[in-house]
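The values are calculated or read from the model by the stated rules, or taken from the named source; none is laboratory data. Only a predicted model underlies this, so the values are computations on that prediction, with no experimental measurement involved. Here the Cβ is made from the backbone with ideal geometry for all residues, glycine too, and neighbour counts use every protein chain on show.
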Amino acid sequence: MTEAFKKFETNLSYYFSRVLNKRLAKPLWIFISLSHQCTYNCQMCGVVKILKGYELNTEDVKKAFNEISGWQRDFTVVITGGEPFLRKDIFEIFRYAREANLNIEAVTNGSLIDRAVAGKIMASGLKNIAVSLDGAGEQTHDYIREKGAFRKATEALKHLVAAKRDNRGGPQISVWTTIMKENVGELFDIISVARELGVECLVYHPVIVAQEDMQNTSSSARFWLQEEEVKILKGQIDRIVDYQKKNGLVAFLHDPYLWLRHFNGQLTSQEWSCNPFVFINIGPDGEVRSCGAAFGNIRNMDLEACLDTPEADRARGLMKNCRKPCLQTCWSHPEADSLSGIVDTFIYEVRKYSSGRQEKKELLDAALSRLTDYESLLKNAKP
Amino acid sequence: MPNLKEVIISITNRCNLRCRMCDIPGGKSEELPTDQWKKVISDASRLGSQTIVFSGGEPLLREDIFELIYFTRKNKLNACLTSNGCLIDSQAASRLSASGVNVVNISIEGSKGTHDHLRGEGSFEKALSALENLRSQRIESTVASTVSRYNYKELPYILEVAKNYGSTTVRLQPFNLIFLKDRASGAGFFIDEADIQKMEGLIGRFISVSKEYKISVNPESYLRKIPAYLAGRRSHPRNCAALWYSCPIASNGDVFPCWIEAANNKLIGNIREEGLYELWLSGKRMKMVNSIVNNGCSGCLMSCYDEVFGSRLSKAYLLDKAKKVKKIASYQRLANKAGQLLKSQATTMKLRYRFYASYRGSVTNLLKRRLSRILNKLQGPEKTGGDEKEMALLEISRLKTKLEKEIRSL
Ligand SMILES: C[S@@+](CC[C@H](N)C(=O)[O-])C[C@H]1O[C@@H](n2cnc3c(N)ncnc32)[C@H](O)[C@@H]1O
Ligand SMILES: C[S@@+](CC[C@H](N)C(=O)[O-])C[C@H]1O[C@@H](n2cnc3c(N)ncnc32)[C@H](O)[C@@H]1O
Ligand code: SF4
Ligand code: SF4
Ligand code: SF4
Ligand code: SF4
């Protein structure tokens, strides 16, 4: 039952953070790009084209981990890049995170994962390892990424699955697929590729066309879906949803039909409202960013201090007024979008799961006093 | 296929008055929860609707009405509220202002004596104070009247009220039997053939006074039809555009082709079972609407359908509105100040004149407001109306009550 209350508190803090544009909670998702060095130079990837030559210091990463491990609640740290396995210290970083008791995940193109590396990943304490797959076969994937990349990605997945079996456990093995014009017709077919390889989870996300200015999703960009392709996407979603209902495997981070409106340029911030307090990205230069804007550097400040700079307030203020949501899954927290939704869910859970009258009363009283606290916070915040 | 333009939500059948011409408060008591209405509103927005009208019963009896209006505005739709005014004290008016409501419509039936006779002792004073409170919050108010034998002689007087309280619009709607359970009890509301001429004269005066006072009223051609209609001469139009552009939803979630056909058991579906989005696009609705169009409908002169009533009228009316929108040219002089942005806005406004035809308040007012917003906020992000903090406070107090109730019920 304390779970329900914890959830209630978390959601309230995100809700009121947004209303007041004042940080009352720490981000749930912390993406860290150790470096933008990569083994590939994929066509749609904006990341490897910027911040070249920066490498995040091992010591700075550890310092951030120390700080995060002191935070309450469950945060997820996702190690990304560039190609994370190019870093010599990558397993040292994983080990440090595990010892600090952090939820940590990683995403890779798979090019550097041989049998030995796969074995080490199983023992690393990662919760999830994702390999990117942008097509159901060589043709598309290699066209987007590099010749031989499809074979390497699938080999990597095979090594991971085998290593997990040998190790009797290890991180969840996932595939991440970027939805774009080039692969729209084979999204559904990626499911069978993944299933045959023994993958446990498949996540799709729409392409970002301009990394430096995400709110400017432009329909003329190269990888963007045009009207005809959106129709194809609709057919693919129907099949994917149908498959998912029966067999699982695919994990939706939001209603997949939103992709259609997204690519048609019709998605509004009411259907998908980005909560600026839920997500941050730390770049290889040490800058902490949200939606492209940098607001503090972990090389010379605590992470929490970075979150409270005036630049951070400004960046989040702009995000709050975002008119073109980018649909990148981690930027949002729909459970905290509506206050009545938060309270109704809580009452429902108390009714359903709590045992005695006394417990129920305590929980509801606590909820009432939380609301009262926020009420006075809100009153005092008024100009 | 024509797009949905407006959704008319009868949010509750409950009412704090018992008007002689209306038995709505005795109707079904079942109501949908807040979140389901929110879903309706987002679906309406997805379908391209421009306006949500909240009516009832008395919509202010729903404690979540402010939240729903705020949600409507946040979805960038217009929100219009129709009320008898009894509950619009100064506090409610400031809540309405925080919610960002576009227009509040208050029902006035005539002079104090006539109004109170039809709506109940004391209701006239309360309606007037509602108009006053709306004015002090600078919320646009409009006035609605149900025309019948009891009040047609006072139609010009209603314009006086509107003028005194700064209301922008007066909308007439002839008495209709569908609001009554026992239809026989409605006989007294109609007029005799012999009175038609007298009433025509009063309608004429109503029109000329409205021009003098610069108060918008229903289209003239519509108003001219009222006397014959009230004397019992019905027409059964074959192509009422309301069927294509507007969607009424009852408090229990029933979706109908129009309020009048609802009485003929023409039910499209229910919101608890299917979303508005699906229902509106469903084959079932298409079939039903087509059959009404082909077979002729019951016919009505409900004011919510006035500007779309009959295809010829609808064209004439739209042209009339378009002319008004052309007055925008005079605002375009401001374009020198506001630059290209304003100009392009004015053009899109012209292009979208159809939308303004379905807007419940004064078009000119809306445009003025829009333009001044553009001028003021040239740089800033678009404000969607409503004050988020104010609304959050309102919601907190409502939810605290809910929690307290839950605690007491343990
Ligand atoms: C930038 S990569 C870094 C990790 C690793 N190099 C890889 O490719 O998986 C992280 C994820 O972003 C995806 N990605 C690359 N370009 C993208 C874009 N323009 N929009 C959305 N996702 C993109 C990749 O496919 C990958 O799943
Ligand atoms: C049903 S009320 C609901 C809103 C609110 N309770 C009010 O009275 O304004 C909506 C409008 O319908 C009108 N009305 C009531 N009975 C009617 C009838 N029998 N025929 C036509 N209109 C009627 C009212 O005067 C009012 O303007
Ligand atoms: S492998 Fe990953 S980081 Fe490298 S270029 Fe491709 S998408 Fe970008
Ligand atoms: S949804 Fe959020 S992250 Fe995405 S573009 Fe908008 S503000 Fe930025
Ligand atoms: S007309 Fe309005 S105020 Fe009068 S009884 Fe009907 S719903 Fe209530
Ligand atoms: S004229 Fe009246 S009854 Fe006929 S379809 Fe239109 S709204 Fe319904």
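For A:CYS306, the conditions (1) in a loop (DSSP other than H, G, I, E, B); (2) among the hydrophobic types (A, V, I, L, M, F, W, C); (3) more than 10 Å from every other protein chain (Cβ to nearest Cβ) are fulfilled apart from (1). Residue count for the stretch B:267-287 under the criterion of being of a type in the set (Val, Ile, Thr) and in contact with a Gly (Cβ under 6 Å, 6 or more places away or on another chain): the result is 1. Taken residue by residue, the stretch A:151-159 has no member that is touching an Asp or Glu at 6+ places or on another chain (Cβ under 7 Å), modelled with pLDDT of 95 or more and outside any helix (DSSP H, G or I).
Filtering the stretch A:37-58 down to residues that are free of Cβ contacts under 8 Å to residues at least 60 places away in the same chain and not in a helix (DSSP H, G or I), which residue is surrounded by the fewest Cβ atoms within 10 Å (Cβ to Cβ)? Ranking the candidates gives A:GLY53 first. A search for C-beta distances below 8 Å between a residue of the stretch B:44-58 that is more than 13 Å from chain A (Cβ to nearest Cβ) and any residue that is aromatic (Phe, Trp, Tyr), counting only pairs 6+ apart in sequence or on different chains, returns B:GLN50/B:PHE355; B:GLN50/B:TYR359; B:THR51/B:TYR359.
Just name the residue that is nearest to ligand 2 (Cβ to nearest atom) out of those in the stretch A:14-58 that are among the aliphatic types (A, V, I, L, M) and within 30 Å of A:SER338 (Cα to Cα). I'd like the intermediate steps shown before the answer.
The initial filter retains those residues of the stretch A:14-58 that are among the aliphatic types (A, V, I, L, M), namely A:19-20, A:24-25, A:28, A:30, A:32, A:34, A:44, A:47-48, A:50-51, A:56.
If we keep only those that are within 30 Å of A:SER338 (Cα to Cα) too, we end up with A:19-20, A:24-25, A:28, A:30, A:32.
Working: A:VAL19: 31, A:LEU20: 36, A:LEU24: 40, A:ALA25: 42, A:LEU28: 45, A:ILE30: 52, A:ILE32: 57 Å.
The residue in question is A:VAL19.
Select, from B:SER97, B:SER90, B:SER83, the only residue that is over 18 Å from B:CYS247 (Cβ atoms) and buried (at least 23 other Cβ atoms within 10 Å of the Cβ).
Working: B:SER97 fails: buried (at least 23 other Cβ atoms within 10 Å of the Cβ); B:SER90 fails: buried (at least 23 other Cβ atoms within 10 Å of the Cβ).
Going through B:SER97, B:SER90, B:SER83 in turn, the sole match is B:SER83.
In the stretch A:330-375, of all residues being farther than 18 Å from B:ARG408 by Cα and of a type in the set (Phe, Trp, Tyr), the one that is surrounded by the fewest Cβ atoms within 10 Å (Cβ to Cβ) corresponds to A:TYR353.
Is it the case that the stretch A:222-244 has a residue that's charged (D, E, K, R), in contact (Cβ under 8 Å) with a residue 60 or more places away in the chain and more than 14 Å from chain B (Cβ to nearest Cβ)? Yes, the stretch A:222-244 contains at least one residue that is charged (D, E, K, R), in contact (Cβ under 8 Å) with a residue 60 or more places away in the chain and more than 14 Å from chain B (Cβ to nearest Cβ).
Go through the stretch B:386-397 and count every residue that is outside any loop (DSSP other than H, G, I, E, B) and either within 14 Å of A:VAL350 (Cβ to Cβ) or more than 8 Å from every other protein chain (Cβ to nearest Cβ) (or both).
Step one: of the stretch B:386-397, the residues outside any loop (DSSP other than H, G, I, E, B) are B:388-397.
Checking which are either within 14 Å of A:VAL350 (Cβ to Cβ) or more than 8 Å from every other protein chain (Cβ to nearest Cβ) (or both) leaves us with B:390-391, B:394.
Matching residues across the stretch B:386-397 total 3.
Residues in the stretch A:327-382 that are more than 9 Å from chain B (Cβ to nearest Cβ) and assigned to a loop (DSSP other than H, G, I, E, B): A:LEU327, A:GLN328, A:HIS333, A:ASP337, A:SER354, A:SER355, A:GLY356. When A:GLY119, A:GLY81, A:GLY70 are screened for being within 16 Å of ligand 3 (Cβ to nearest atom) and small (Gly, Ala, Ser), only A:GLY81 passes. Does the stretch B:73-81 contain at least one residue that is away from every other protein chain (no Cβ under 14 Å) and either within 16 Å of ligand 1 (Cβ to nearest atom) or over 15 Å from the mean Cα position of the chain (by Cα) (or both)? Looking through the stretch B:73-81, none of the residues is away from every other protein chain (no Cβ under 14 Å) and either within 16 Å of ligand 1 (Cβ to nearest atom) or over 15 Å from the mean Cα position of the chain (by Cα) (or both). Looking at the structure I just gave you, is A:VAL77 within 17 Å of the chain's Cα centre (by Cα) and not in a loop (DSSP other than H, G, I, E, B)? Judged against the criteria, A:VAL77 is a match.
What is the residue count in the stretch B:1-14 for residues that are surrounded by 20 or more Cβ atoms within 10 Å (Cβ to Cβ) and modelled with pLDDT of 90 or more?
Step one: filter the stretch B:1-14 for residues surrounded by 20 or more Cβ atoms within 10 Å (Cβ to Cβ), giving B:4-13.
After this cut, where a residue has to be modelled with pLDDT of 90 or more as well, the list is B:7-13.
Number satisfying all stated conditions: 7.
Every condition in (1) surrounded by 20 or more Cβ atoms within 10 Å (Cβ to Cβ); (2) touching a helix residue (DSSP H, G or I) at 6+ places or on another chain (Cβ under 9 Å) holds for A:LYS152 except the one numbered (2). All conditions in (1) touching a residue at least 60 places away in the same chain (Cβ under 8 Å); (2) under 30 Å from B:ALA184 (Cβ atoms) hold for B:LYS76, with the sole exception of (2). Does A:ARG314 qualify as being more than 26 Å from A:PHE8 (Cβ to Cβ), within 14 Å of chain B (Cβ to nearest Cβ) and away from ligand 6 (no atom under 16 Å from the Cβ)? Considered against the rule, which asks whether it is more than 26 Å from A:PHE8 (Cβ to Cβ), within 14 Å of chain B (Cβ to nearest Cβ) and away from ligand 6 (no atom under 16 Å from the Cβ), A:ARG314 comes out as yes.
Considering (1) surrounded by 21 or more Cβ atoms within 10 Å (Cβ to Cβ); (2) touching a His at 6+ places or on another chain (Cβ under 7 Å), the lone condition that B:GLY296 does not fulfil carries the number (1). The set of residues in the stretch B:91-124 being touching a residue at least 12 places away in the same chain (Cβ under 8 Å) and more than 22 Å from the chain's Cα centre (by Cα) consists of B:SER111, B:LYS112, B:THR114, B:HIS117, B:GLY120. Checked against the criterion of being over 20 Å from B:TYR277 (Cα atoms) and away from ligand 5 (no atom under 16 Å from the Cβ), the candidates B:GLU6, B:GLU67 yield just one match: B:GLU67.
Of all residues in the stretch A:244-282, those being among the acidic types (Asp, Glu) and surrounded by fewer than 15 Cβ atoms within 10 Å (Cβ to Cβ) number 1.
Specify the residue that is nearest to A:ARG23 (Cα to Cα); the eligible residues are those in the stretch A:255-281 that are without any contact (Cβ under 8 Å) to a residue 60 or more places away in the chain and within 17 Å of the chain's Cα centre (by Cα). Don't jump to the end; show me each part of the working.
Of all residues in the stretch A:255-281, those without any contact (Cβ under 8 Å) to a residue 60 or more places away in the chain come to A:255-257, A:260-261, A:263-266, A:268-271, A:274.
Add one more test, that the residue is within 17 Å of the chain's Cα centre (by Cα), and what stays is A:255-256, A:274.
On the way: A:ASP255: 27, A:PRO256: 30, A:CYS274: 15 Å.
That would be A:CYS274.
Would the stretch A:294-303 turn up any residue that is assigned to a helix (DSSP H, G or I) and more than 20 Å from the chain's Cα centre (by Cα)?
To start, the set of residues in the stretch A:294-303 that are assigned to a helix (DSSP H, G or I) comprises A:303.
Filter once more, so that each one left must be more than 20 Å from the chain's Cα centre (by Cα): none.
Within the stretch A:294-303, none of the residues are assigned to a helix (DSSP H, G or I) and more than 20 Å from the chain's Cα centre (by Cα).
When A:LEU20, A:LEU12, A:LEU34, A:LEU102 are screened for being within 14 Å of another protein chain (Cβ to nearest Cβ), crowded, with 19+ Cβ neighbours inside 10 Å and on the phi < 0 side of the Ramachandran plot, only A:LEU12 passes. Among the residues of the stretch A:33-66, just one is of a type in the set (D, E, K, R) and touching a Pro at 6+ places or on another chain (Cβ under 7 Å), namely A:GLU55.
Criterion first (more than 10 Å from ligand 2 (Cβ to nearest atom), within 14 Å of chain A (Cβ to nearest Cβ) and surrounded by fewer than 20 Cβ atoms within 10 Å (Cβ to Cβ)) does B:ARG62 satisfy it? Taking the combined requirement at face value, the residue does not satisfy it.
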